[in-house]
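Scroll down for the structure; my scribbles are underneath it.
Bear in mind these aren't lab numbers, they're just calculated from the coordinates by the rules spelled out. Quick caveat: nothing in here was measured; it's all calculated off a predicted structure. All Cβ positions, even for glycine, are placed from backbone atoms using ideal geometry, and neighbour counts span all protein chains on display.
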Amino acid sequence: MVTCFLKYCIDPEKIKEFTHYGKLWIDLVNRKGGIHHGYLIPHEGPNNVGYASFSFPSLAEYEVYRNKIPGCPDCQKALAYARKSKCIVSFERNFYTPVFEGINDKARLFYKGK
């Protein structure tokens, strides 16, 4: 599995627009085979930074998703919304291998020396 982690520099006067943009992409990613983990909208701290993350079974499947974006009218509408609203100043995209599971009880006992 691969997780795309996005850090956005957003216009702090356009939090409502950025939130709407995020909701559009959550649905799009989920419909196109990914698992969206949601957006983090500024609350306390910096008011111009937001985050999002979503996962695909592999980097190859992420690339299939990316290649479908130009031909998808809904994706193009979401991108046009961001351009028109100017809610996003810039973003950076990084990829990680997620760890979603903890150590099971049996393994915990082993590590504690019992």
- With +1 on each Lys and Arg Cβ and -1 on each Asp and Glu Cβ, how big is the dipole of the chain about its Cα centre, in debye rounded to the nearest 20? 120
- Query: Taking the Cα centre of the chain as the origin and placing charges on Cβ (Lys, Arg +1; Asp, Glu -1), which of TYR96, GLY22, MET1 is farthest toward the positive end of the dipole?
  - Reply: MET1
- Which three semi-axes in whole Å describe the equivalent ellipsoid of the stretch 2-111, each the square root of 5 times a Cα gyration tensor eigenvalue, listed largest first? 29, 20, 10
- Message: Past 21 Å, Cα to Cα: identify those pairs from LYS16/LYS68; LYS16/LYS77; LYS32/LYS86, in the order given.
- Response: LYS16/LYS68; LYS32/LYS86
- The cysteines in the chain that find no other cysteine Cβ closer than 4.7 Å to their own Cβ are CYS4, CYS9, CYS87
- Query: Of PRO46, TYR81, TYR65, which is farthest on the positive side of the dipole of the stretch 2-111, counting Cα position, with +1 on Lys and Arg Cβ, -1 on Asp and Glu Cβ, and the Cα centre as origin?
  - Reply: TYR81
- Would you mind ranking HIS43, HIS36 by Cβ crowding within 10 Å, fewest neighbours first? HIS43, HIS36
- Value of [θ]222 nm, deg cm²/dmol, for the chain, DSSP H segments ≥ 4, -39500 (n - 2.57) each, nearest 500: -12500 deg cm²/dmol
- Give me GLU61, GLU13, GLU101 ranked fewest to most by other Cβ atoms within 10 Å of their Cβ, as a rough exposure proxy. GLU101, GLU13, GLU61
